[in-house]
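The next block holds one structure in the form of structure tokens; read it before the comments.
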């Protein structure tokens, strides 16, 4: 068997064995940058999108240090903004423990809301080495003195921008206050909003700033399509789109849970297998929905921004923006669900006149949109969305020259613009005629 390329790092031999069992061969870009930094004990800010391999980027070196030191008590805490994401990270932790054949030596606990707190306190009587959970529940248990985090070596803040959006940064702040001054802080985020800077500046002194890849807005393997909504209904257009594509898995985004509920019902009535994921679901409903999604029960998922950002959904081939977001950052988050690891992906966007400013801003940042419509269940390429606007705003050099010869009247009378335009046309013809004679 060919040796994997993780041997270049000073990882414990047992962890190298785990990597072989995981089937990893070459570290991803974020793993190449994060693993050595974590092993050196540095605090870091890692900018990386979901699906880049960042979870193993910090778990593998932390487990390596755990095996080398063989310490007692809690050694590292992983905080995540949602129960679903925390559960997914915990599953990865459990998998590493099992592959390392260390189920008796390494103890990990999942601490999230929606579960029995008394039972969690009971379980913590045997202190774990690893804690994974949501900031609120971890902080609750620390305040109850059921969990001591003062001696931890590392604290991980995953999806920090979403932590900020959901209002959990204060809880993370309270957790850090209760750790020792030498704690290693590992922050991971798809974006680093300006609003996050005060928190980062407070706790991270000269951190290593690690960015995965070029952080392009969109991979080359992704296509961005625009379809004008016009007078048509959103559910009808999404249904027509569904008849022209064969997605492995498509996420349909709306701006809010009410519209998500409405659209999911309408699409189900039209015969589509549709899952639903938004913040208004109960913990039990969210857990069941996530399980169904992971088991590929649905071909389509109607979701809101925050709900979708809180989970890692694999195998997304299409993103359909039934409603475009107001900010570029959210568009990038949405379409970043597809075209991962070199795979192809398509983002289909229904738009209205209200969305033009967003499209313009995204184009200025380098995104390219192709204009389409759907006719009799077929894609029909149309003129660019801004072609008419360009034609109106573009003035030829001859027309500009002609305007120089037109004198604006001192006393403005009704219809003067029309008269000036007529004069300009006459001068333009004269200029063009003279240019022909010169040739």
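Quick note: the coordinates plus some simple rules give every number you see, no bench work behind them. All values reported here derive from a predicted model rather than from experimental measurement. In this analysis, Cβ positions are derived from the backbone assuming ideal geometry, glycine residues included, and neighbour counts consider all displayed protein chains.
Structure notes:
- With respect to the chain, whose longest principal axis is taken over its alpha-carbon atoms, helix 29-39 is tilted by about 30°.
- Stokes-Einstein, applied to the Kirkwood radius of the stretch 222-389 over Cα pairs at a viscosity of 1.306 mPa s and 10 °C, places its translational diffusion at 98 µm² s⁻¹.
- A simple spin-label model places the labels of residue 375 and residue 255 3.0 nm from each other, with each point 7 Å out along Cα-to-Cβ.
- Between helix 257-269 and the chain: long-axis angle, C-alpha atoms, 0 to 90°, nearest 10: 80
- Between residue 296 and residue 205, the modelled label-to-label distance comes to 5.2 nm, taking each label 7 Å out from Cα in the direction of the beta carbon.
- Potential extension, residue 144-residue 231 segment - 0.36 nm per residue separation minus Cα distance: 25.6 nm
- Under the shape rule built on the C-alpha gyration tensor, where the axes satisfy a ≥ b ≥ c, the stretch 5-211 is oblate, since a/c reaches at least 1.5 while a/b does not exceed b/c.
- When only alpha carbons are used to place a centre, the stretch 15-29 and the stretch 252-289 end up 37 Å from one another.
- Prolate/oblate/rounded label for the stretch 1-82 (Cα gyration tensor, a/c 1.5): oblate
- Calculated FRET value between residue 426 and residue 191, using beta carbons and R₀ = 41 Å, to 0.05: 0.15
- Where (i) 18, 29, 26, 15, 8, 3, 1, 0; (ii) 22, 45, 22, 9, 2; (iii) 20, 46, 29, 5, 1 are the candidate values, the label of the one calculated here for P(r) over Cα pairs in 20 Å bins from 0, in percent is (ii).
- Estimated [θ] at 222 nm from DSSP helical runs (n ≥ 4, -39500 (n - 2.57)) normalised by residues in the chain, nearest 500: -12500 deg cm²/dmol
- Peptides 227-238, 30-41 ranked from most to least packed give 30-41, 227-238, packing being the mean of other C-beta atoms within 10 angstrom over each peptide's residues.
- Estimated distance in nm for a label pair at residue 119 and residue 40, the labels positioned 7 Å out from Cα along Cα-to-Cβ: 4.4
- As a calculated quantity, the FRET efficiency between residue 69 and residue 25 at R0 = 22 Å, using C-beta atoms, amounts to about 0.20.
- Gain on full stretching of the segment that runs from residue 223 to residue 174 - 0.36 nm per residue minus C-alpha separation: 13.3 nm
- Kirkwood-Stokes translational diffusion coefficient of the stretch 130-250, alpha-carbon pairs, 25 °C, 0.890 mPa s, µm²/s: 135
- Antiparallel bridges, percent of DSSP beta bridges restricted to the chain (to nearest 5): 5
- Ranking of 165, 158, 370 by count of other Cβ atoms within 10 Å, fewest first: 370, 165, 158
- Cα-based shape type of the stretch 101-164, given that a ≥ b ≥ c are square roots of the gyration tensor eigenvalues and the cut on a/c is 1.5: oblate
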